[in-house]
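Below is one structure, written out as structure tokens; comments come after it.
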Amino acid sequence: MTAGATAGATAGAGGPPAAAGATAVQGPPVLRPTDLRELRDAVRDTPGTLLAGGGGTKQDWGAPPERTDAVVSCGGLDGLVEHSPGDMVAIVQPGLSLGRLQEALAPSGQWLALDPPLVDGGATVGGVVATNDAGPRRQRYGAPRDLVIGVTVVLADGTVARSGGRVVKNVAGFDLMRLYCGSLGTLGVLAEIVVRLHPLPEASRTLRIPADPATATATTLALLASAAVPTAVDLAGGALWIRLQGREAGVAAQCALVRRLAAGGEEPEEFQGSEEAEVWRRLTAAHAGGAGETVARAATLPDRLPAVAAALIEAAGRAGVEARLASHAGLGLHTARLSGGDARAHAAVVRDWRRTVAGLGGTVVLRRRIDGVDGLVDPWCDPGAPPSALAVMRRVKAQLDPDRRWAPGRFVGGI
Amino acid sequence: MISTTLHRELADLLPPGGVVAEPAQLGTYQCDGLTGARVTPGLVVLPTSTEEVAAVVRACARDGVPFVARGAGTGLSGGALPHADGVLIVLSRMRRILSVDVPNQRMVVEPGVTNLEISKAVAGDGLYYAPDPSSQVVCTIGGNVAENSGGAHCLKYGFTTNHVLAVEAVMPDGEVVTLGADTLDPPGYDLRGVFIGSEGLTGVATKVVVRLLRVPEAVRTLVADFDSPAAAGDAVSGIIAAGIVPAAVEMLDALAIEACEAATGAGYSLDAGAALVVELDGPEAEVEAEFSAVRTICGDSRATRVRIAADAAERALIWRGRKAAFAAMGRLSPDYFVQDGVIPRVRLGRVLARIAEMAGEQGLQVANVFHAGDGNLHPLVLFDATNDGEAVRAERLATAIVELCVEEGGSITGEHGVGTDKACSMPKMFSEEDLAVMARVRAAFDPQGISNPGKVFPTPRLCGERPGPYRPHPLEEAGVVERL
């Protein structure tokens, strides 16, 4: 956690109560550049270690940085630089909130096809890209990595470098866009992002099919093998939620197809309009978790879902922790929310679940967690089984940030 | 020159016949699809496993000897151009399909498997591999990974990088690593994303995990004729504005139509100023709704004729005509350069007018074939090398066209790659700092700079000598491969 985030707790727990108010630990200074030059100067001229921030909604992802001497806030870089509806491309500054971007694009019938959690909480485009976070409709549109077509980045030494461009089809030069996506700001800070856009669907419906993990998985695999092209397939709260979007006639036909696939079970319930929007707000938020919860994300092949769910129930039961699972079933991405029990118990569940999921060929990464979990479990992986190319990852870090100024220790393997 | 010691060592590492050193045989590997650039490799090796590739690379790394990986050699930018003092690693003996997972829609293949073999292997399961470069009959998945290949359908489905989940690769120091995973989001930097499209500068792929898609329920294709490319461009704008993302939108101008018709007789109208091929795919009802909208839009944009493919055979014929465009140019002109620029689609009319002007100034003809949906232009600059000075003028025009694309906010290459062909145009698109950062990332993979050196990055040596005009690839002459 950053010094800023722990300031209150440290003062309260460690300092003498009488002096707490007077000597409260100050968080690191926050730099708020408003254009590229100010951003470059702030990075180049501020000594010490830096932490890039956007809306602050996922600052707890990764390991706590070893030290933060200054925070580089992108809040002042919040412009929509250009929207070219005919090219279906937008150029945005990193601090622009995803919600405001979508509002600006909607009148042209377009959107940036990302629906991650925490949009209402102020998630910015830069933050979503830096975490490669996505939501249920990743099923159809992919993740930030699939939608970012150009970036400008400021490196620790003040180098301002672009890669990609402003056209979707482009293979000139190395694809560093994907490298920065999901790097949690450990290589540099995003200064400008070019994204490809999609048309907003004309019609949308959601079917809710009551299902346990085994039935849900069978239905999901049958759906993926069928003619339907769902935009989302989520398992949560004892039901499979299937979203179908497109032209009115196409959506109606796909709904009929899904009903045939699910025949024999309970009659599916159908949602449209504001009711449907509310359903997905709730389903999406489940992946972020809330206060008092620890959140871990597993990735497996889609057909492993029943085993993943069983392993979570077992691990949670052993530790006496309450666990809820929400899964993007078509993608093989499963989010566990742990509540009740102490930090030691939460860490035990993550370790235990991670071991079983590894046996299924998958991985488990820690996201949000309650105080005290850090230090008990590595947020990235079992330290005994690091990513195969960790050495190359370290060399990439050493090339782009040789002095380890950007969030040192936040990334996998202590990068 | 490769030392006798290294030659012997590699021969011992590989199965019999795994090393080619005969000068006549080495000549076979002189060029890839950019046939104007030719270099005889120092030595050719034909490994059959990851371990053999790693052993070869380790030996090269120890001696500081450059190496170049090669698949089928269909690349159009000289990305697999050999190194005279280096080892050419030919992956054609690594062509096994290692595993197929139908329920999870994944396949693991060796790098020498061809693009089309992947789709064929799972056709019976109703699945396919989406990226479809025109050379898909012969081009290999390893080459596709190196070049981040696209194809006519990438407007809707994306490129190789959107469909390859993981790559097992031999790093330039000989270490074998897995980049990515068969699941989504493995922890760590997305080195898979950097590796794909790095044109062989970051190592050699030895296994590839691809994502498969279900074959669309319905496909509808039409050809609409227009008086001019500008009018066809209006129709494309109308389709985009209607929120339709076609599987493919291709445009041919009058000169390209003439060549394609002469070569294939696919039924394109010889009196049209431009032809637009529009293909939609997906769930039946969805496709029908959008197809009828596309027909209306074409009519509103003053299409002079709309031909709808009645069945799969007619669709295949339409595509055969389109895909023959490059090879067909031989019927119009003895020589030509093909370009691969990209522009923001909305600037199409302006750029075409400017290209016509520039061609007029040089007294040359330019035929245009494009992926109109994504602004990827393939202007073909026609010339006769036997006319004094014409080749030089044609080359200058081809370069000027691609640089015009960059000035208009586009790219020097949409799918053919930079390779040796366009390395000298990179500074038009990227600043010194941009290129220096890419070079730093390259150094993280390859500190010695021995993996496919002389490609992508401009060097004085390279930029002093330009490749010659386009000559048909041997496979193309043999009619095995159509070109895009």
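The values are calculated or read from the model by the stated rules, or taken from the named source; none is laboratory data. Predicted model only: the values in this text are computed from it and were never measured. Don't worry about glycine lacking a Cβ; one is built from the backbone with ideal geometry, like all the others, and counts go over all protein chains shown. Heads up: the accessible areas ignore ligands, DNA and RNA and are worked out on the full protein's heavy atoms, side chains in. Shrake-Rupley method; radii C 1.70, N 1.55, O 1.52, S 1.80 Å.
Taking θ as phi - 60°, what are the ³J(HN,Hα) couplings along the range B:220-229 by the Karplus curve (6.51, -1.76, 1.60), each to the nearest whole Hz, with x for Gly and Pro?
Calculated HN-Hα couplings, in order: 10, 10, 9, 10, 10, 9, 9, 6, 8, x Hz.
If I model a spin label at A:Glu66 and A:Asp382 as a point 7 Å from the Cα along the Cα→Cβ vector, what separation in nanometres do I get?
The answer from the label model is 2.7 nm.
Using the Cβ atoms and a cut-off under 15 Å, what net charge is assigned to the surroundings of B:Leu270, where Lys and Arg are +1 and Asp and Glu are -1?
Residues near B:Leu270 contribute -3 overall.
Mind grabbing the interface size between B and A? I mean buried accessible area, both sides, 1.4 Å probe, in Å² to the nearest hundred.
Separately minus together, B and A give about 6300 Å² buried.
Whenever you get a sec, compute what percent of the accessible area on the range B:136-203 sits on carbon and sulfur atoms (1.4 Å probe).
Roughly 54 percent, rounded to a whole number.
What is the calculated FRET efficiency for A:Glu103 to A:Asp371, with r their C-beta to C-beta distance and R₀ = 25 Å, to the nearest 0.05?
Computed FRET efficiency for A:Glu103 and A:Asp371: 0.10.
Between the chain alone and the structure with every protein chain in place, find the residues of the range B:101-121 that drop at least 10 Å² of accessible area; heavy atoms, 1.4 Å probe.
Residues shielded by partner chains are B:Asp101, B:Pro103, B:Asn104, B:Gln105, B:Arg106.
Could you work out the mean projected area of the convex hull around the alpha carbons of chain A, in square nanometres to one decimal?
If I average the Cα hull's projected area over directions, I get 21.4 nm².
Whole percent per 20 Å bin, from 0 to the bin with the longest distance: what is P(r) over all C-alpha pairs of chain B?
24, 56, 20, 0
I'd like the carbon and sulfur percentage of the solvent accessible area for the range A:46-149, probe radius 1.4 Å, heavy atoms only, ligands and nucleic acids excluded.
Roughly 49 percent, rounded to a whole number.
In a GNM of chain A with a 10 Å cut-off on Cα contacts, which of A:Gly264, A:Gly238, A:Gly330 has the highest mean-square fluctuation?
Among A:Gly264, A:Gly238, A:Gly330, the largest GNM mean-square fluctuation belongs to A:Gly264.
Solvent-accessible area per residue for the protein assembly as shown at a 1.4 Å probe radius, Å²?
I get 35 Å² per residue for the protein assembly as shown.
Work out which residues of the range A:124-147 lose at minimum 40 square angstrom of accessible surface when the other protein chains are put back, relative to the chain isolated, with a 1.4 angstrom probe, and list them by number.
A:Arg138, A:Arg145
Ignoring everything except DSSP H segments at least 4 long, calculate the 222 nm mean residue ellipticity for chain B; use -39,500 (n - 2.57) per segment, divide by total residues, nearest 500.
Calculated at 222 nm, the ellipticity per residue is -10000 deg cm²/dmol.
Can you give the alpha-carbon Rg of the range A:224-350 over 2.2 N^0.38 Å, where N counts its residues?
My calculation over the Cα atoms of the range A:224-350 gives 1.19.
So what is the relative contact order for chain B, in percent, with contacts set as C-alpha pairs under 8 Å and at least six apart?
16
At a Förster distance of 35 Å, what's the computed FRET efficiency of B:Thr28 paired with B:Glu314, Cβ-Cβ distance as r, to 0.05?
With a Förster radius of 35 Å, E is 0.35.
If you average the alpha carbon positions of the range A:268-341 and of the range A:147-186, how far apart do those two centres end up, in angstrom?
Going from one Cα centre to the other spans 32 Å.
Relative to the compact-globule scaling 2.2 N^0.38 Å, provide the ratio for the alpha-carbon radius of gyration of the range B:259-407.
1.17
Using a 1.4 angstrom probe on protein heavy atoms only, which residues from the range B:260-284 are buried by at least 10 Å² of accessible area when all chains are present rather than their own chain alone?
In the range B:260-284, residues shielded by partner chains: B:Pro283.
Given H placed 1.01 Å from N in the peptide plane, which residues other than close sequence neighbours of A:Arg367 have an amide H under 5 Å from its amide H?
Amide H neighbours of A:Arg367: A:Val295, A:Ala296, A:Arg297.
Does anyone have the angle between helix B:312-323 and the longest principal axis of chain B? Alpha-carbon axes, 0 to 90°, nearest 10?
On a 0 to 90 degree scale, this one is about 70.
Averaging sequence separations of C-alpha pairs under 8 Å and six or more residues apart, then dividing by the length of chain A, give the relative contact order as a whole percent.
The value is 16 percent.
R0 = 51 Å: FRET efficiency of A:Glu270 with B:Glu51, Cβ-based, nearest 0.05?
0.40
What's the percent breakdown of Cα-Cα distances in the range A:259-325 across 10 Å bins, shortest bin first?
All Cα pairs, binned at 10 Å, distribute as 15, 30, 39, 15, 0 percent.
Stokes-Einstein at 10 °C, 1.306 mPa s, Kirkwood radius from Cα pairs: D for the range B:190-293 in µm² s⁻¹?
For the chosen part, D equals 96 µm²/s.
What spacing in nm lies between the two simple spin-label points modelled at A:Ala291 and B:Asp63, each 7 Å away from Cα in the Cβ direction?
Spacing of the two 7 Å Cα→Cβ label points: 6.8 nm.
Give, as ranges by residue number, the residues of the range B:303-340 whose backbone N falls under 19 Å from the point 7 Å along Cα→Cβ of B:Asp271.
B:303-308, by backbone N distance to the label point.
Under a Cβ-only charge scheme (Lys and Arg +1, Asp and Glu -1), can you give me the dipole magnitude of the protein assembly as shown about the Cα centre, in debye to the nearest 20?
That gives the protein assembly as shown a dipole magnitude of about 1380 debye.
Return the calculated 222 nm mean residue ellipticity for chain A, to the nearest 500 deg cm²/dmol, obtained by summing -39500 (n - 2.57) across DSSP H runs with n ≥ 4 and dividing by the residue count.
-9500 deg cm²/dmol
Which net charge results when you count Lys and Arg as +1 and Asp and Glu as -1 among the other residues whose beta-carbon is under 11 Å from that of B:Gln105?
Summing Lys/Arg as +1 and Asp/Glu as -1 gives -1.
Distance between Cα centroids, the range A:58-125 to the range B:1-17: provide it in whole Å.
54
With no solvent and one equal point scatterer placed on each C-alpha of the protein assembly as shown, evaluate the Debye formula and give log10 I(q)/I(0) for q = 0.06 Å⁻¹, two decimals.
-0.40
What is the helix-to-structure angle for B:432-445, meaning the angle in degrees between its Cα long axis and the longest Cα principal axis of chain B, kept from 0 to 90 and rounded to the nearest 10?
50
For the Cα atoms of chain B, what angle does the longest principal axis make with the long axis of helix B:390-407, in degrees from 0 to 90, nearest 10?
80
So what's the convex hull volume per residue for the Cα atoms of the range B:60-141, in Å³?
Per-residue hull volume (Cα only) is 108 Å³.
Tell me the relative contact order for the range B:174-333 as a rounded percent, counting alpha carbon contacts under 8 Å between residues six or more apart.
For the range B:174-333, the relative contact order is 30 percent.
I'd like the distance separating the alpha-carbon centroids of the range B:364-413 and the range B:174-244, in whole Å.
24
Looking at this model, which pairs from B:Lys207/B:Lys455; A:Lys169/B:Lys455; B:Lys156/B:Lys428; B:Lys120/B:Lys156; A:Lys58/B:Lys156 are more than 26 angstrom apart at the alpha-carbon?
B:Lys156/B:Lys428; A:Lys58/B:Lys156
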